[in-house]
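A quick write-up on the structure given underneath.
The values are calculated or read from the model by the stated rules, or taken from the named source; none is laboratory data. Keep in mind that this is a model prediction, so the values were computed, not measured. Positions of Cβ are backbone-derived with ideal geometry, glycine not excepted, and every protein chain shown enters the neighbour counts.
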């Protein structure tokens, strides 16, 4: 008997894994195509550029062609014979996170066929006018990008020197290029951290220092015998945007082994050096923080540190003080490296109403897997609480708009309750054969369960309507997937009634489906869930069953959606 059952089990699991893989592949393609779509949007406006601007760097370019296959959001440059001679793209909006003195700079980048930079122009800038003007007058910085492959710019470094007086703007331009090409923002605007000689000003017996592996802003200090003397917290990069008279300053607040401030030192700075020197040499300023813990420093209002300022360097000293507070806050809020403290930090961010919703979810899951589901508690109390708390209280219902929106752009950090619901909705049916969300956690399902107990509907759909009802959820599901993959102007919230649980934001379509669905449930048991819900159809499709080895027309719909999503993403444009 065991030998006969094993192939069946293998077939069931193989079919089930294949089904899950198809859905996962669709979600990945929706995400990848969304990223490409955002890239293509960056190309909007390039076609209106005067070709003369580009011909300064690529003389053979006769016009701007179609979308570039090499750089997302870029356009091909075409010569008079119609041949591609290069690529052009802009850094906004991806590079707008790179701030100079006062704002980002949008760059036009012209490349040759081999994706080497042929030239860089400033299209617009929110930075200080005089700093940008200095860079435009002295072309050595922008011209220093010429000949460099795009891959070399991802790290944000540059071999060319910054323009005197416009260092921060130059650094922001490098960062904007790196961000636009898929890199990350530079960890610090100060290439050289405080060294051993700097830290000896506070730790006189220091012989060795090392940067903390988990936080590059932390420097550990040791004696010759490797006895810890304490540690120093750099204000960079947390305070890189805190400007004194002319620029930011990299300082370090030093803590003894007991965790209290032992002193403060001022290291490198983009501010005017006479002012920095005044702050560096002022003993009263350096001693101001002594005896404080990092929590006490972090608790100071960064916009009102209470520092009156060092004589002759008021703006610089106040900026250093603000930087110290912001660095302490960033360190205090940083996720801890050990699992227990990381969990504690995450749990501390969950708000009290969310705890209530999470408790309801836990009760629903427990009820689904115990005998409670057959008692008055499972049949009446749980639906009432789910409807009131998760439904009208929190508006926490899973939907096609949420699923495919998350597939496109990722899960929002604050969506704790929806994330917990999504995990329960997807993982439990895929591993335990039970669609727990639809039966015990969906507020709209709970409303229909209560109607079932009150109205006791006994009708069934007319025979002629059953094929339509069987296909409707899958038609809606396919429409949602294709809309997400193709970026069609279809509001997915209008396909389902779930926005009606937040009446202040609900549209007419959601309210209409809500009312019609509940009215139908008074005559046909669980009418909406059984005959119209695309989210329920998707979750049931993911459920492990004894029929998972058999392919059906539902699988054909999903394969078709997969094929369309793949074609949309990889079809040459």
Practice prompt. Could you tell me whether the range 381-403 includes any residue that is modelled with pLDDT of 90 or more, over 22 Å from residue 497 (Cα atoms) and either buried (at least 21 other Cβ atoms within 10 Å of the Cβ) or assigned by TED's automatic domain parsing to the domain that holds residue 454 (or both)?
Written response: yes
Discussion item. Please go through (1) more than 23 Å from residue 147 (Cα to Cα); (2) out of contact with any helix residue (DSSP H, G or I) (no Cβ under 6 Å at 6 or more places or on another chain); (3) in a loop (DSSP other than H, G, I, E, B) for residue 127 and return the number of the only condition it doesn't satisfy.
Written reply: (2)
Discussion item. Being part of a loop (DSSP other than H, G, I, E, B) and either touching a helix residue (DSSP H, G or I) at 6+ places or on another chain (Cβ under 9 Å) or modelled with pLDDT of 85 or more (or both) is the requirement here; does residue 224 meet it?
Written reply: yes
Practice prompt. For residue 205, state whether it is at negative phi, touching a strand residue (DSSP E or B) at 6+ places or on another chain (Cβ under 6 Å) and surrounded by fewer than 15 Cβ atoms within 10 Å (Cβ to Cβ).
Written response: no
Worksheet item: Can you tell which of 98, 118, 80 is in the same structural domain as residue 60 (by TED's automatic domain parsing) and over 20 Å from residue 47 (Cβ atoms)?
Response: 98
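Check whether at least one residue in the range 546-554 is modelled with pLDDT under 95, under 21 Å from residue 495 (Cα atoms) and assigned by TED's automatic domain parsing to the domain that holds residue 493, and report yes or no. First the steps, then the outcome.
Taking the range 546-554 first, the residues modelled with pLDDT under 95 are 546-554.
Imposing the further condition that a residue be under 21 Å from residue 495 (Cα atoms) reduces the set to 554.
Still in the running and assigned by TED's automatic domain parsing to the domain that holds residue 493: 554.
Yes, the range 546-554 contains at least one residue that is modelled with pLDDT under 95, under 21 Å from residue 495 (Cα atoms) and assigned by TED's automatic domain parsing to the domain that holds residue 493.
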Item to complete: Could you pull out the residue among 549, 537, 512 that is over 28 Å from the mean Cα position of the chain (by Cα) and in a loop (DSSP other than H, G, I, E, B)?
Response: 549
Practice prompt. Considering (1) part of a strand (DSSP E or B); (2) surrounded by fewer than 18 Cβ atoms within 10 Å (Cβ to Cβ), say which one residue 85 fails and leave the rest.
Written response: (2)
Worksheet entry | Of the criteria (1) more than 15 Å from residue 405 (Cβ to Cβ); (2) crowded, with 16+ Cβ neighbours inside 10 Å, which one residue 422 fails | (1)
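Residues are listed down the side, and each one gets a yes or a no for (1) farther than 19 Å from residue 442 by Cα; (2) under 30 Å from the mean Cα position of the chain (by Cα); (3) assigned to a helix (DSSP H, G or I):
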{"residue": "471", "(1), (2), (3)": "yes, no, yes"}
{"residue": "476", "(1), (2), (3)": "no, yes, yes"}
{"residue": "480", "(1), (2), (3)": "yes, yes, yes"}
{"residue": "484", "(1), (2), (3)": "yes, yes, yes"}
{"residue": "490", "(1), (2), (3)": "yes, yes, no"}
{"residue": "494", "(1), (2), (3)": "no, yes, yes"}
{"residue": "499", "(1), (2), (3)": "no, yes, yes"}
{"residue": "506", "(1), (2), (3)": "no, yes, no"}
{"residue": "518", "(1), (2), (3)": "no, no, yes"}
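Scan 20, 38 and give me the residue that is part of a helix (DSSP H, G or I), outside the structural domain of residue 486 (by TED's automatic domain parsing) and at pLDDT below 80.
On the way: 20 fails: at pLDDT below 80.
None of the other options fit; the residue is 38.
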Practice prompt. Considering only residues that are over 19 Å from residue 270 (Cα atoms) and crowded, with 18+ Cβ neighbours inside 10 Å, look in the range 234-258 and name the one that is farthest from the chain's Cα centre (by Cα).
Written response: 256
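If the requirement is being out of contact with any strand residue (DSSP E or B) (no Cβ under 8 Å at 6 or more places or on another chain), closer than 25 Å to residue 27 by Cβ, surrounded by fewer than 17 Cβ atoms within 10 Å (Cβ to Cβ) and at pLDDT 90 or above, which of these qualifies: 481, 454, 475, 513? Don't jump to the end; show me each part of the working.
Values: 481 fails: surrounded by fewer than 17 Cβ atoms within 10 Å (Cβ to Cβ); 454 fails: closer than 25 Å to residue 27 by Cβ; 513 fails: surrounded by fewer than 17 Cβ atoms within 10 Å (Cβ to Cβ).
Unique residue meeting the criteria: 475.
Out of the strands (runs of 3 or more DSSP E) lying entirely within the range 227-273, which hold 3 or more residues that are closer than 13 Å to residue 322 by Cβ and at pLDDT 85 or above?
Working: elements: 228-234, 249-255, 261-269.
Result: 249-255.
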Fill in: Failed condition for residue 52, given (1) out of contact with any strand residue (DSSP E or B) (no Cβ under 8 Å at 6 or more places or on another chain); (2) assigned by TED's automatic domain parsing to the domain that holds residue 115; (3) in contact (Cβ under 8 Å) with a residue 24 or more places away in the chain; (4) surrounded by fewer than 20 Cβ atoms within 10 Å (Cβ to Cβ)
(3)
Worksheet item: Among all residue pairs at least 6 apart or on different chains, which show Cβ distances below 6 Å where the first residue, located in the range 189-205, is free of Cβ contacts under 8 Å to residues at least 60 places away in the same chain and the second is part of a loop (DSSP other than H, G, I, E, B) and surrounded by fewer than 15 Cβ atoms within 10 Å (Cβ to Cβ)?
Response: 205/223
Worksheet entry | Number of the condition not met by residue 557 [criteria: (1) surrounded by fewer than 16 Cβ atoms within 10 Å (Cβ to Cβ); (2) in contact with a helix residue (DSSP H, G or I) (Cβ under 6 Å, 6 or more places away or on another chain)] | (1)
Discussion item. Residue under question is residue 354, and the condition is that it be modelled with pLDDT under 85 and assigned by TED's automatic domain parsing to the domain that holds residue 420; does it hold?
Written reply: yes
Response to the item:
In the range 362-396, residues that are within 19 Å of residue 434 (Cβ to Cβ) and not in a helix (DSSP H, G or I) total 3
Practice prompt. Search the range 230-241 for residues that are in the same structural domain as residue 216 (by TED's automatic domain parsing) and on the phi < 0 side of the Ramachandran plot and pair each with any residue that is buried (at least 24 other Cβ atoms within 10 Å of the Cβ) and part of a loop (DSSP other than H, G, I, E, B) when their beta-carbon atoms are under 6 Å apart and the residues are at least 6 apart or on different chains.
Written response: 240/248
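Based on what the data block shows, is residue 179 assigned to a helix (DSSP H, G or I), buried (at least 18 other Cβ atoms within 10 Å of the Cβ) and in contact with a helix residue (DSSP H, G or I) (Cβ under 6 Å, 6 or more places away or on another chain)?
Details: assigned to a helix (DSSP H, G or I): yes; buried (at least 18 other Cβ atoms within 10 Å of the Cβ): yes; in contact with a helix residue (DSSP H, G or I) (Cβ under 6 Å, 6 or more places away or on another chain): yes.
Yes, satisfied.
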